[in-house]
Amino acid sequence: MAEGLATLAPRWLASLADQRRLSPHTLRAYGDTLDRLHDFLIHHLGGPVDAAALAALSPADFRAYLASRRGEGLASTSLAREVSALRTFFAWARRQAGLECHGIAGLKAPKLPRRVPRPVAADDARALVDVVGDAASLPWVAARDTAVLLLLWGAGLRISEALSITGAALPLGEALAITGKRGKMRMVPLLPIVAQAIQDYVKLCPWPVARDAPLFRGLKGGPLDPGIVRAAIRAARPALGLPASATPHALRHSFATHLLAGGADLRQLQELLGHASLSSTQIYTAVDAAQLLDAWAAAHPRA
């Protein structure tokens, strides 16, 4: 990597990890973006890519980089993430290293269609939990999978949040303290059926519960891999006629849409889901409106 990037990139990634507490996956993706930009600029500029070269980059240079990435088959969503990474890096470099690149101001991300979440209907979600539990090879595994899926559907957790719960959560109360994205803490109410499912799992689990160890274990006693949960749902979908969009995260979407349809306030829903921005929560209003239109189209005689 060029001298400028070789010096600045590790400092930038370290600051993201310490201050914004980004996940290792995100940090790796940001680092890969800078690596790719460096490799491109070596050929594009025909010379070393030092700090002076970075400062002199024009909007056309950045557009050429994005065009090369598009030519590699990159989707608009991935291009938007690359633009975000580059903007974040150059903004940090300006503040921390005095590297002023005016060309980055002209870099625009591709427009993305607003994606509406695809939740699982209440009856289908209930059936999915039952089928996954029935398909388990051991009683304690059935109890484990049931508890995990109920945390997604009944408490709106992300799969990573559910699997990060440790034995310190026991004994259960009326709410559960969850550490979400960027280390943000929130309290999530526990429905009695969810709490009971967790207790049933704890009673059957052959591995001892430790305060500093994951509550949900794999067959060999290690932390439960989220891929195991995804595979269990994937195997259960054909029996229920569910589409590929029926994933663990779709159960979280179901939690949100069911609450919104029941009259929950958007701000309250934002807190329950752990969204940093209300705009992330507002997408569920589009889901609710779409469901109303579908019902109208199916039932109204003049539709």
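The values are calculated or read from the model by the stated rules, or taken from the named source; none is laboratory data. Keep in mind it's a predicted model, so treat the numbers as computed, not measured. Note: ideal-geometry Cβ built from the backbone for every residue, glycine included; neighbour counts use all protein chains shown. For the accessible areas, the whole protein counts, side chains as well, though only heavy atoms, and no ligand, DNA or RNA atoms are used. Shrake-Rupley method; radii C 1.70, N 1.55, O 1.52, S 1.80 Å.
Values as computed for the structure displayed
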item: Pairwise Cα inverse-distance average, inverted: Kirkwood Rh of the range 76-222 (Å); result: 18.5 Å
item: Solvent exposure ordering (accessible area, 1.4 Å, most first) of 28, 87; result: 28, 87
item: Label-point separation in nm, residue 43 to residue 84, each point 7 Å along Cα→Cβ; result: 2.8 nm
item: Histogram of C-alpha separations across the range 34-144, 5 Å bin width, %; result: 2, 10, 15, 16, 11, 7, 5, 5, 7, 7, 7, 6, 1
item: Those lysines that a straight Cα-Cα span of less than 21 Å connects to residue 220, excepting residues fewer than 8 apart in one chain; result: 203
item: Those lysines that a straight Cα-Cα span of less than 28 Å connects to residue 111, excepting residues fewer than 8 apart in one chain; result: 181
item: Trypsin sites (Lys or Arg not before Pro) within the range 190-244, DSSP loop, no more than 10 other Cβ atoms inside 10 Å; result: 211, 220
item: Phi-based couplings in Hz for the range 151-159 (Karplus 6.51, -1.76, 1.60; Gly and Pro marked x); result: 5, 6, 7, x, 10, x, 7, 6, 4
item: Under Karplus coefficients 6.51, -1.76 and 1.60, residue-wise ³J(HN,Hα) of the range 125-132 in Hz, glycine/proline x; result: 5, 5, 5, 5, 4, 5, 5, 4
item: Fully extended contour minus Cα-Cα distance, from residue 203 to residue 219, at 0.36 nm per residue; result: 4.2 nm
item: Surrounding net charge for residue 32, when Lys and Arg each add one and Asp and Glu each subtract one, Cβ distance under 11 Å; result: 0
item: Cut-off under 5 Å, modelled amide H: who pairs with residue 101 long-range; result: none
item: In Å², nearest 10: area of residue 89 left accessible to a 1.4 Å probe; result: 0 Å²
item: Relative compactness, the range 1-70, computed as alpha-carbon Rg over 2.2 N^0.38 Å; result: 1.16
